[in-house]
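K.L.:
Below is the structure I would like to discuss, written out as structure tokens.
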Amino acid sequence: MSGRERQAAVYLAGATGRRARVPFDAEHLEDRARQVMSAEAFAYVAGGAGAEETMRANRRAFERLSIVPRMLRDVSQRDTSLELFGRRLPSPFLLAPIGVLELAHRDADVAAARAAAPVGLPTIFSSQASRPMEEVAAAMGEAPRWFQLYWSTDDELVKSFVGRAEQCGCEAIVITLDTTLLGWRARDLGLGYLPFLRGRGIAQYVSDPVFQRLVREHVQTASAARPTLGAVRTLLELRRNIRGLDPRAAVQVFTEIYSRPSLRWDDLVRIRDLTPLPVVLKGILHPDDARRAVEAGFDGIVVSNHGGRQLDGTIPTLDALPPIVEAVAGRVPVLLDSGVRTGSDAFKALALGAMAVLVGRPYVYGLAIGGETGAREVLENFVADFDLALGLAGCTSLADVREATLAHGEWPSTAPSS
Ligand SMILES: Cc1cc2nc3c(=O)[nH]c(=O)nc-3n(C[C@H](O)[C@H](O)[C@H](O)COP(=O)(O)O)c2cc1C
């Protein structure tokens, strides 16, 4: 659906007294989601690390950069499509991998993937999903999907996850590099709330045969300590969330193996023995790491600071992008996320050399507000907004966007052009 068609649908519905439930701007979207989510759920999704400086910096970087549109270029026909890893996509957006979507809506990952499918956005299944990838894959027809991997301390589990992803029809593996330790998240710490310890967001694990074996082994060796009275409520919650396995043992094993702080380049290249799929590295911010990724044979990069959830005081992704694009020199696709909130934001990232962007928190808020429909509306709005931004800037294709003029501060003397 083009931007004009989406606009027309919204305005026509408005003329018959039907207003969209999902707000069109990021601020109201987050506000509305806050109203329908529990305090813990909202804090987990909306929060960032430390003083949330990275989160604000991500937005400031987009706000500092301006598009300098060109006029009278016949923008009646626009093409926002691109080719990524051999697949034609209708627009340069993907769904960022987001864990614990059950905090937003009970249909969680199934609803998100079903929302993305008709809009043509690839879904990236999270390692920390609320539903096993097999269930989500079965619910989304032929729609494109990738799998995001947190490299576990258990290599057998890594192998199993990657094998399952292949079986589920995933077309790429995304390895997230920035979460070998969990960031210092003030909002969650204040509430004493980490969903995984309540048995949430560990569906890929509890459904996995290797993980199940590890839990059984753990049960055989662990002494059964009696829970304190205060822990009984959590235990009941765990029993509700984890079926078919000893829930305490499952959480214990999960916390021991979920991520590997010792991870190095040498470990990572072993992924090549596990899969022929393209492998994309997510969380790269330094051009030297980008160069190394390409030289080590990886197939793509996501410039990401995890939406400001990991290291506070990090460089915003839009500022990190140009030197990375230069270092990569077109050898592999460079994607970007963290703070993308409008079509113009996506335009700016593409003008600086990103091939596509990942939509993160906004779709989770749509999911919280209106389930699958709410998430779909958010994605349709992104695509429509981008299509109109493209035309209004005087572009008719993504190739034009890469040639677009951007202004940074004083114009024209200091303006970088694309
Ligand atoms: C609640 C939440 C959970 C996330 N879970 C994951 C995850 O499991 N794996 C991952 O690679 N990134 C995860 N991310 C990071 C996103 O993939 C993405 O990098 C980030 O949301 C981009 O920032 P933005 O949402 O502010 O645009 C998560 C982000 C949020 C908000």
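The values are calculated or read from the model by the stated rules, or taken from the named source; none is laboratory data. These numbers were taken from a predicted model, which means no experiment stands behind them. Every residue, glycine as well, gets a Cβ built from its backbone with ideal geometry; the counts of neighbours run over all protein chains shown. These area figures cover heavy atoms from the full protein model, side chains too; ligands, DNA and RNA do not enter into them. Shrake-Rupley method; radii C 1.70, N 1.55, O 1.52, S 1.80 Å.
K.L.:
How about the stretch 146-162: which of its residues are open to solvent by 20 Å² or more (accessible area, probe 1.4 Å) and not hydroxyl-bearing (Ser, Thr, Tyr)?
P.N.:
154, 155, 156, 159
K.L.:
What are the pairs, 6+ residues apart or on separate chains, where a residue within the stretch 373-394 that is of a type in the set (D, E, K, R) has its Cβ under 8 Å from a residue that is part of a loop (DSSP other than H, G, I, E, B) and open to solvent by less than 10 Å² (accessible area, probe 1.4 Å)?
P.N.:
Between residues of the stretch 373-394 that are of a type in the set (D, E, K, R) and residues that are part of a loop (DSSP other than H, G, I, E, B) and open to solvent by less than 10 Å² (accessible area, probe 1.4 Å), the close pairs are 377/22; 387/91.
K.L.:
Give the residues of the stretch 168-207 that are among the aromatic types (Phe, Trp, Tyr) and more than 11 Å from the ligand (Cβ to nearest atom), sorted by residue number. Before you say what the answer is, go through the steps one by one.
P.N.:
Let us first name the residues in the stretch 168-207 that are among the aromatic types (Phe, Trp, Tyr), namely 184, 193, 196, 205.
Selection gives 184, 193, 205.
K.L.:
Could I ask something else about it? Could you please find all residues in the stretch 325-370 being outside any helix (DSSP H, G or I), more than 10 Å from the ligand (Cβ to nearest atom), open to solvent by 20 Å² or more (accessible area, probe 1.4 Å) and not β-branched (Val, Ile, Thr)?
P.N.:
329, 330, 331, 333, 352, 353, 355
K.L.:
Is it true that residue 62 is on the phi < 0 side of the Ramachandran plot, surrounded by fewer than 18 Cβ atoms within 10 Å (Cβ to Cβ) and among the aromatic types (Phe, Trp, Tyr)? Reasoning before the result, please.
P.N.:
Working: on the phi < 0 side of the Ramachandran plot: yes; surrounded by fewer than 18 Cβ atoms within 10 Å (Cβ to Cβ): no; among the aromatic types (Phe, Trp, Tyr): yes.
Spelling it out, it is not the case that residue 62 is on the phi < 0 side of the Ramachandran plot, surrounded by fewer than 18 Cβ atoms within 10 Å (Cβ to Cβ) and among the aromatic types (Phe, Trp, Tyr).
K.L.:
Just the residues that are within 11 Å of the ligand (Cβ to nearest atom), in a loop (DSSP other than H, G, I, E, B) and open to solvent by 10 Å² or more (accessible area, probe 1.4 Å), please, taken from the stretch 97-136.
P.N.:
Those that are within 11 Å of the ligand (Cβ to nearest atom), in a loop (DSSP other than H, G, I, E, B) and open to solvent by 10 Å² or more (accessible area, probe 1.4 Å): 97, 98, 99, 104, 130.
K.L.:
For the stretch 371-401, which residues satisfy the criterion of being within 13 Å of residue 69 (Cα to Cα) and in a helix (DSSP H, G or I)? Let's see the steps before the verdict.
P.N.:
Just the residues of the stretch 371-401 that are within 13 Å of residue 69 (Cα to Cα), to begin with: 388-396, 400-401.
Matches in the stretch 371-401: 388, 389, 390, 391, 392, 400, 401.
K.L.:
Go through the stretch 297-324 and give me each residue that's within 16 Å of the ligand (Cβ to nearest atom), assigned to a helix (DSSP H, G or I), at negative phi and not hydrophobic (A, V, I, L, M, F, W, C).
P.N.:
317, 319, listed by residue number.
K.L.:
Regarding residue 139, is this residue under 18 Å from the mean Cα position of the chain (by Cα), more than 15 Å from the ligand (Cβ to nearest atom) and open to solvent by less than 50 Å² (accessible area, probe 1.4 Å)? Quick ask: steps written out before the conclusion?
P.N.:
Numbers: under 18 Å from the mean Cα position of the chain (by Cα): no; more than 15 Å from the ligand (Cβ to nearest atom): yes; open to solvent by less than 50 Å² (accessible area, probe 1.4 Å): yes.
When the stated conditions are applied, residue 139 does not pass them.
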